[in-house]
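Structure record follows, encoded as structure tokens.
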């Protein structure tokens with residue numbers, strides 16, 4: 001029994017974090033793209049909440065160079081007191097299931113800025129800030 005548990009835990013460690021995500025739809029952008037947040041990823045420290053955000057593009061986005069984006073996933077920081085957001089990383093996928101990454105960006109020094117109304121960032125900010133209190137670490 002114990003060896004079965006160890007084997008199961010070892011296999012779980014090999015599965016990407018996104019496979020464990022419990023995405024919750026929190027709204028739609030002005031372009032009607034659904035925005036999701038993984039509530040289990042929300043962690044607050046020193047007034048900044050970090051969370052994983054996902055956007056499914058209703059109409060695939062032509063990113064140039066033969067790349068098409070159908071889904072994006074972001075790790076973002078939310079300063080609810082200042083109503084500001086900063087991206088830590090972004091990955092774009094060519095499939096709606098999020099298994100075929102075509103572009104990844106990691107920001108070395110994220111900078112906070114305002115969320116634009118109707119954008120993915122505004123929808124995520126509204127949800128995260130309304131629910132961050134329940135997830136304080």
Residue count, the stretch 83-112, condition under 25 Å from residue 132 (Cβ atoms) and surrounded by 12 or more Cβ atoms within 10 Å (Cβ to Cβ), comes to 13
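Does any residue of the stretch 90-106 turn out to be part of a loop (DSSP other than H, G, I, E, B), in contact (Cβ under 8 Å) with a residue 24 or more places away in the chain and in contact with a helix residue (DSSP H, G or I) (Cβ under 9 Å, 6 or more places away or on another chain)?
Yes, that holds for at least one residue.
State all residues of the stretch 34-49 that are assigned to a strand (DSSP E or B), free of Cβ contacts under 8 Å to residues at least 40 places away in the same chain and either closer than 11 Å to residue 124 by Cα or over 18 Å from the mean Cα position of the chain (by Cα) (or both); if no residue qualifies, say none.
If the condition is that a residue be assigned to a strand (DSSP E or B), free of Cβ contacts under 8 Å to residues at least 40 places away in the same chain and either closer than 11 Å to residue 124 by Cα or over 18 Å from the mean Cα position of the chain (by Cα) (or both), then 34, 36, 38 are the ones that fit.
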State whether the residues of the stretch 61-81 include one that is in a strand (DSSP E or B), in contact with a helix residue (DSSP H, G or I) (Cβ under 6 Å, 6 or more places away or on another chain) and surrounded by 13 or more Cβ atoms within 10 Å (Cβ to Cβ). yes
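Where a number appears in this text, it was derived from the coordinates with a stated rule and is not lab data. Not measured: the values here are computed from a predicted model. Methodologically, a virtual Cβ is constructed for each residue, glycine included, from the backbone with ideal geometry; neighbour enumeration extends over all protein chains shown.
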